[in-house]
1. Can you pull out every residue in region 22-53 that is within 21 Å of residue 88 (Cβ to Cβ) and loosely packed, with under 15 Cβ neighbours inside 10 Å?
2. Could you tell me which residue of region 72-101 is farthest from residue 8 (Cα to Cα), considering only residues that are in contact with a Pro (Cβ under 9 Å, 6 or more places away or on another chain) and surrounded by 15 or more Cβ atoms within 10 Å (Cβ to Cβ)?
3. Mind checking which residues of region 2-15 are part of a strand (DSSP E or B) and modelled with pLDDT under 95?
4. Scan region 77-101 for residues that are of a type outside the set (Ser, Thr, Tyr), assigned to a helix (DSSP H, G or I) and either over 16 Å from the mean Cα position of the chain (by Cα) or over 15 Å from residue 26 (Cβ atoms) (or both) and jot them down.
5. Output the qualifying pairs, or none if there are none: Cβ atoms under 6 angstrom, residues six or more apart or on different chains, first residue in region 16-28 and assigned to a strand (DSSP E or B), second residue among the charged types (D, E, K, R).
Amino acid sequence: MSELALKIVTPQGKVFDQTIVSVSLPGVEGGFGIFKNHAPMVSMLTKGVVRITTEDQPFYYAITPGIFEVDHRNRCVLLTSDAVSADSAEAAREQAASITG
């Protein structure tokens, strides 16, 4: 697979499952971004905002702490107890401030 794919999964099920250009995440040691052909890694995430860029539009999610993995096949999975979709980065920041988990 040459395209970057992202799934966001909560205990309630998948909340996002698309091909993306990049994703920015709130890591426990600081924010980081992932693009196609990134080295495989696993990272712990803190409560915050996930910004997803696709060819068509950006997506924003407020998340609780979780785990993120990218593998050698450009597949990304974000596991979290809650992920709330937002219309903008500012709205996602506001959601993240009030989200519990």
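The values are calculated or read from the model by the stated rules, or taken from the named source; none is laboratory data. Because the structure is predicted, anything quoted here is derived from the model rather than measured. Positions of Cβ are backbone-derived with ideal geometry, glycine not excepted, and every protein chain shown enters the neighbour counts.
1. Hits for region 22-53 are 31, 33.
2. Of everything passing the filter in region 72-101, 96 is farthest from residue 8 (Cα to Cα).
3. none
4. Our first condition is that a residue be of a type outside the set (Ser, Thr, Tyr); within region 77-101, this holds for 77-79, 82-84, 86-87, 89-97, 99, 101.
Now restrict to residues that are assigned to a helix (DSSP H, G or I): 89-97.
Residues satisfying the conditions are 90, 91, 94, 97.
5. Filtered contacts from region 16-28: 17/7; 19/3; 24/51.
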